[in-house]
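First comes the structure, then the notes that go with it.
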Amino acid sequence: MISPPLKFNLEAQKNRVIAVQHWPQPAPEQVIIMAPAMGVPQSYYQNFCQWLAQTGRAVISFDYFGIGASLQGPLKHQQTTIRDWAELDAVAVITHAQQLYPTASVIWFAHSVSGQLFGMIPNYSEIDRMITVATGSGYWRENTPQLKPKAWLLWHIIAPLTLPMFGYFPGDKLGIVGNLPGPAMRQWRRWCLHPEYLIGVEGEANRQRYANISTPI
């Protein structure tokens, strides 16, 4: 029987604290970091993480800053981008996992955006393997015929109207994705309107970082 996870806060930088859950193991061969989808709180993965822990693996889940238990104050005041999630939050979690289990293989189990932002994580080379789920391009024209009109409406009408109105994206009210910090949603919108998605938006240095990824997927 696996005990409930240990819950604690991890400081990604000054005044930036992220909520973490940890299913510890005494000497695991692998530590799995459950990296969440866009706007999805770590609580969504609770049962899955519990099952993974029962296989003898150490498991760590977390909420990106401004999401779930890592929301600090009104969402409209959360000035964080997706790049910040990669460069600050993901780095802190990976570093912490290595400190806890220095001899274990580190697995980045990425749902959606957590697989997409992988190349923007400064210490991604410390990950031994990545598993991705639903991590394709978000370019709106590459949606299915059924979803394409909805994607056009989201990026050309809904997001531009709601972001200045609320100061964040009210996804929970709209039944779309989930609540997101304004800067993160604006960045995601830029990606989704470009044929090359984030690769075409974030600059040549970022493109090269992705080209250099050799992590087994």
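The values are calculated or read from the model by the stated rules, or taken from the named source; none is laboratory data. Every value quoted in this text rests on a predicted model; they were computed, and no experiment measured them. Neighbour counts are summed over all protein chains in view; Cβ atoms, including those assigned to glycine, are modelled from backbone coordinates with ideal geometry.
Just one of the listed residues (I199, I131, I213, I176) is surrounded by 12 or more Cβ atoms within 10 Å (Cβ to Cβ), over 30 Å from S105 (Cβ atoms) and aliphatic (A, V, I, L, M), and it is I176. Looking at this structure, is E204 charged (D, E, K, R), modelled with pLDDT of 95 or more and within 18 Å of the chain's Cα centre (by Cα)? When the stated conditions are applied, E204 does not pass them. The combined condition, being modelled with pLDDT of 95 or more, in contact with a strand residue (DSSP E or B) (Cβ under 8 Å, 6 or more places away or on another chain) and not acidic (D, E), is not fulfilled by V177.
How many residues does region 44-69 contain that are in contact with a helix residue (DSSP H, G or I) (Cβ under 8 Å, 6 or more places away or on another chain) and more than 20 Å from V31 (Cβ to Cβ)? Residues in region 44-69 being in contact with a helix residue (DSSP H, G or I) (Cβ under 8 Å, 6 or more places away or on another chain) and more than 20 Å from V31 (Cβ to Cβ): 4 in total. Of L6, L10, L88, L52, all but one fail to be of a type outside the set (G, A, S) and free of Cβ contacts under 8 Å to residues at least 24 places away in the same chain; the exception is L6. For region 21-41, the set of residues classified as aliphatic (A, V, I, L, M) and surrounded by fewer than 19 Cβ atoms within 10 Å (Cβ to Cβ) consists of A27 only. Report yes if I158 is hydrophobic (A, V, I, L, M, F, W, C) and more than 29 Å from V31 (Cα to Cα), otherwise no. It is true that I158 is hydrophobic (A, V, I, L, M, F, W, C) and more than 29 Å from V31 (Cα to Cα). In the set F118, F109, F65, only one residue is at pLDDT 95 or above, more than 17 Å from Q42 (Cβ to Cβ) and in contact with a strand residue (DSSP E or B) (Cβ under 8 Å, 6 or more places away or on another chain); that residue is F118. Against the numbered list (1) surrounded by fewer than 18 Cβ atoms within 10 Å (Cβ to Cβ); (2) in a helix (DSSP H, G or I); (3) aliphatic (A, V, I, L, M), L154 comes up short only at (1). Scanning region 176-206 for residues that are closer than 16 Å to A151 by Cβ and not in a helix (DSSP H, G or I) yields I176, V177, L180, L193, H194, P195. Would you check if there is a residue in region 157-171 being part of a loop (DSSP other than H, G, I, E, B), surrounded by 14 or more Cβ atoms within 10 Å (Cβ to Cβ) and on the phi < 0 side of the Ramachandran plot? No, because not a single residue in region 157-171 is part of a loop (DSSP other than H, G, I, E, B), surrounded by 14 or more Cβ atoms within 10 Å (Cβ to Cβ) and on the phi < 0 side of the Ramachandran plot. Within region 80-88, at least one residue is closer than 30 Å to R189 by Cβ and in contact with a strand residue (DSSP E or B) (Cβ under 7 Å, 6 or more places away or on another chain). Listed by first and then second residue, the pairs with beta-carbon distance under 9 Å, at least 6 apart or on different chains, first residue in region 190-217 and without any contact (Cβ under 8 Å) to a residue 40 or more places away in the chain, second of a type in the set (S, T, Y) and not in a helix (DSSP H, G or I), are I199/S137; G200/Y139.
In region 42-99, the qualifying residues are those that are among the small types (G, A, S), outside any helix (DSSP H, G or I) and over 16 Å from the mean Cα position of the chain (by Cα), and the one that is surrounded by the most Cβ atoms within 10 Å (Cβ to Cβ) is A58.
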